[in-house]
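Engineer: Encoded as structure tokens, here's the structure I'll be asking about.
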Amino acid sequence: MAGKVFFSVSMSLDGFIAPESSEDLMGQQWMELQQWIFPLRFFRENLKLGEGGKEGRDNDIARETFERTGASVMGKRMFDAGEQMWPEEAPFHTPVFVVTHEKRDPWERPGGTTFHFVDDGIETALDQAREAAGDRDVRIAGGGATILEYVNAGLVDEFSIALSPVLFGAGIRLFDGVDASRVALEPVRSEPSSRVTHLTYAVHPR
């Protein structure tokens, strides 16, 4: 049986998931948004940053998100930014399908990550990701525009937000342009930690 299609992001209290410019990724605001994940044991293990790190529910959620993911889908903007920032052993360790308008041969990285470039739409990318994932889930990794395309197309089953106690004021909003007439949400889980609040929703047609 095929797994779910989901996304999982960190979001500021005023609804932003990234700065407007990719040049500001890794800047102060973005670092504050993601600060809950950097000290985690799983994060350190996955990026081979050394032993140690915080355990607890935040760490469990980060690990569970990784372990449920059999393949990922992302947009070209996210890939372009990540290509510059990810270590040689990219942190996915699964196939990744990049939605793009460019033709490019697969790019294999150490550690089990291979980027496949799909130039004929989000549904084709998802079909390929589902096949690669088997009975595990497909994660729509981002960025915001790609997530929104999948939500508006009715292709997302579930999502999780790590609501971080920071304010952006401007940037990329998670749901800017959502077709609210077609999307209904069902609360699944709310888990506060000392650093963020984890919110999970099922997505249904309205």
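The values are calculated or read from the model by the stated rules, or taken from the named source; none is laboratory data. Keep in mind that what you see is a predicted model, and the values were worked out from it rather than measured. Don't worry about glycine lacking a Cβ; one is built from the backbone with ideal geometry, like all the others, and counts go over all protein chains shown. Remember, those area values only see protein heavy atoms, side chains included, never the ligands or the DNA or RNA. Shrake-Rupley method; radii C 1.70, N 1.55, O 1.52, S 1.80 Å.
Engineer: Can you name every residue in the range 173-206 that is assigned to a loop (DSSP other than H, G, I, E, B) and either touching a Lys or Arg at 6+ places or on another chain (Cβ under 7 Å) or open to solvent by 40 Å² or more (accessible area, probe 1.4 Å) (or both)?
Structural biologist: The answer is 175, 176, 177, 178, 179, 180, 181, 182, 193, 194, 195, 206.
Engineer: Consider only pairs whose beta carbons are under 8 Å apart and that are at least six residues apart or on different chains; among these, list those whose first residue lies in the range 187-206 and is without any contact (Cβ under 8 Å) to a residue 60 or more places away in the chain and whose second residue is of a type outside the set (Phe, Trp, Tyr) and part of a loop (DSSP other than H, G, I, E, B).
Structural biologist: From the range 187-206, the pairs are 202/157; 203/156; 203/157; 205/154; 205/182; 206/180; 206/181; 206/182.
Engineer: Just one of (1) farther than 28 Å from residue 177 by Cα; (2) under 13 Å from the mean Cα position of the chain (by Cα); (3) not polar (S, T, N, Q) trips up residue 6, so point out which.
Structural biologist: (1) is the only condition that residue 6 fails.
Engineer: Also: What single numbered condition from (1) without any contact (Cβ under 8 Å) to a residue 12 or more places away in the chain; (2) basic (Lys, Arg); (3) under 17 Å from residue 147 (Cβ atoms) fails to hold for residue 77?
Structural biologist: (1)
Engineer: Suppose we filter the range 150-172 for residues that are in contact with a helix residue (DSSP H, G or I) (Cβ under 7 Å, 6 or more places away or on another chain) and buried (at least 16 other Cβ atoms within 10 Å of the Cβ); how many remain?
Structural biologist: Number of matching residues: 7.
Engineer: Inside the range 30-87, counting only helices (runs of 4 or more DSSP H) that do not spill past its ends, which hold 2 or more residues that are under 13 Å from the mean Cα position of the chain (by Cα) and either closer than 24 Å to residue 156 by Cβ or not aliphatic (A, V, I, L, M) (or both)?
Structural biologist: Counting at least 2 such residues, we get 57-68, 76-85.
Engineer: Using beta carbons and a limit of 8 Å, which pairs, at least six apart or on different chains, have the first residue in the range 30-52 and basic (Lys, Arg) and the second one part of a helix (DSSP H, G or I)?
Structural biologist: As it stands, the answer is 41/59, since those pairs meet every condition given.
Engineer: Which of (1) over 22 Å from residue 172 (Cα atoms); (2) open to solvent by less than 60 Å² (accessible area, probe 1.4 Å) is the odd one out, the single condition residue 81 does not satisfy?
Structural biologist: (1)
Engineer: Same structure again: Output the residues belonging to the range 33-62 that are open to solvent by 70 Å² or more (accessible area, probe 1.4 Å) and within 24 Å of residue 110 (Cβ to Cβ).
Structural biologist: The answer is 41, 45, 48, 49, 51.
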